[in-house]
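Report on one structure; see the data block that follows.
The values are calculated or read from the model by the stated rules, or taken from the named source; none is laboratory data. What you see is a predicted model, and the numbers here were worked out from it, not measured in a lab. All Cβ positions, glycine included, derive from the backbone under ideal geometry; neighbour counts span all protein chains shown. Keep in mind that these areas ignore ligands, DNA and RNA; they rest on the heavy atoms of the full protein, side chains included. Shrake-Rupley method; radii C 1.70, N 1.55, O 1.52, S 1.80 Å.
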Amino acid sequence: MPKPHRMPPAHAVAYDGGTILVDCGEGAFQQLGRAGYDLRQVRDLFITHHHFDHIGSLFACLGLNMMTHRNQQMNIYGPPGTSEILEHLITACDIPQSIGFGIPGQILPHPRDFIVSRDIRPGDVVEIDSVSVSCCENTHYRSEDQFGQDGPVSLSYRFDTADRSMVFTGDTGPCRALEDLAMGADLLVGELIDPDIVIKRISDKNPEMSKQSLQKMRQHLSEHHLTPEELGGLAANAGVNQLVAVHIPFVTKSAEEDAKYVSRISAKFGGSVTISVDQAAY
């Protein structure tokens, strides 16, 4: 039986001035190289939220840049808590940095000398050369009536250039603020989940898990992620031109399965719909 096909989230936004990353799940930098990108050209990284599947390669990011003698600043942005995470990871680089490659007199750069982190909040705008990056809170952690209160924040990002606009939902449930952020975008890169598939996998792997625990998990998946129909509704309400679905818990990654999801999305959205493929460009 074919193995499930699902890489943790990581996206590259390429423009004339370099490459911007959105999230860095486990394996992000191997995939970046396979897709033909040079890590040294990545100057900026935006984190949507702090679940491990979206930040699993942060330590690798620091270490690989250190070992390849990075000599330019790298900026890492994310919701509150990002700078604290990086502070600990940078400290954890002390020992490998001090070891180096065992060549007398050779000193590796330390990530604290080239990493600059910034916690950002909903409504903040970051200008990078000709790219304007804006953001909003989404409903991956909590409902919209709780926005602005203390607690963890999950962000969605919009990238605007002179000739193109794109939005990355990150993980989210249905969200009016996200619809506003995505309004009229050329490209929407949206997360999609199939709660039935995920719950079955969890149940199969954890047969002793209680029905109550499974129900709580289903509630999270249903309220804090997007079904195909909800993703299509988001794209339609925002009036985007093209939708690329990502973060999908595939069973086989087959043409038949892709067609099933496209059909469900297209029931709500009349624009172009694509099921993402690793290393593809859109």
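Details
- On Cα atoms only, tilt of 255-266 relative to the major axis of the chain in degrees: 70 degrees
- Of the beta bridges in region 47-202, as assigned by DSSP with both residues counted there, near 65 percent are antiparallel.
- Heavy atoms of PHE29: accessible area, 1.4 Å probe, square angstrom to 10: 20 Å²
- R0 of 30 Å, Cβ-Cβ distance GLU144-GLN212: FRET efficiency to nearest 0.05: 0.65
- In terms of accessible area, using a 1.4 Å probe and ignoring ligands and nucleic acids, MET66, MET166, MET217, MET183 rank largest first as MET183, MET217, MET166, MET66.
- Of LEU39, TYR77, PHE159, farthest towards positive along the dipole that unit charges on Lys, Arg, Asp, Glu beta carbons give region 1-160: LEU39
- Residue with peak Gaussian network fluctuation, the chain [Cα springs, cutoff 10 Å], from GLY173, GLY184, GLY78: GLY184
- Nearest 10 degrees, 0 to 90: helix 228-238 Cα axis against the chain principal axis: 80 degrees
- Dipole moment magnitude, nearest 20 debye, the chain about Cα centre, only Lys, Arg, Asp, Glu C-beta charged: 700 debye
- Distance distribution note for region 132-253: the fraction of Cα pairs above 19 angstrom is 50%.
- Rounded to 5, percent antiparallel among DSSP beta bridges of region 1-74: 55 percent
- Among beta bridges from DSSP that stay inside the chain, the antiparallel ones total about 45%.
- Look at the alpha carbon pairs under 8 Å that are at least 6 residues apart: their mean separation over the length of the chain gives a relative contact order of 16 percent.
- Ellipsoid semi-axes for region 44-203, based on the Cα gyration tensor and the rule √(5λ), read 33, 20, 15 Å when sorted largest first.
- Extended-chain gain in nm, criterion 0.36 nm per residue less alpha-carbon gap, LYS200 and ASP278: 25.6 nm
- Within the listed set ILE90, ILE76, ILE265, the residue fluctuating most in the Gaussian network model of the chain (springs between alpha-carbon atoms under 10 angstrom) is ILE90.
- Helix axis angle, 195-205 relative to the chain longest principal axis, alpha carbon, degrees: 70 degrees
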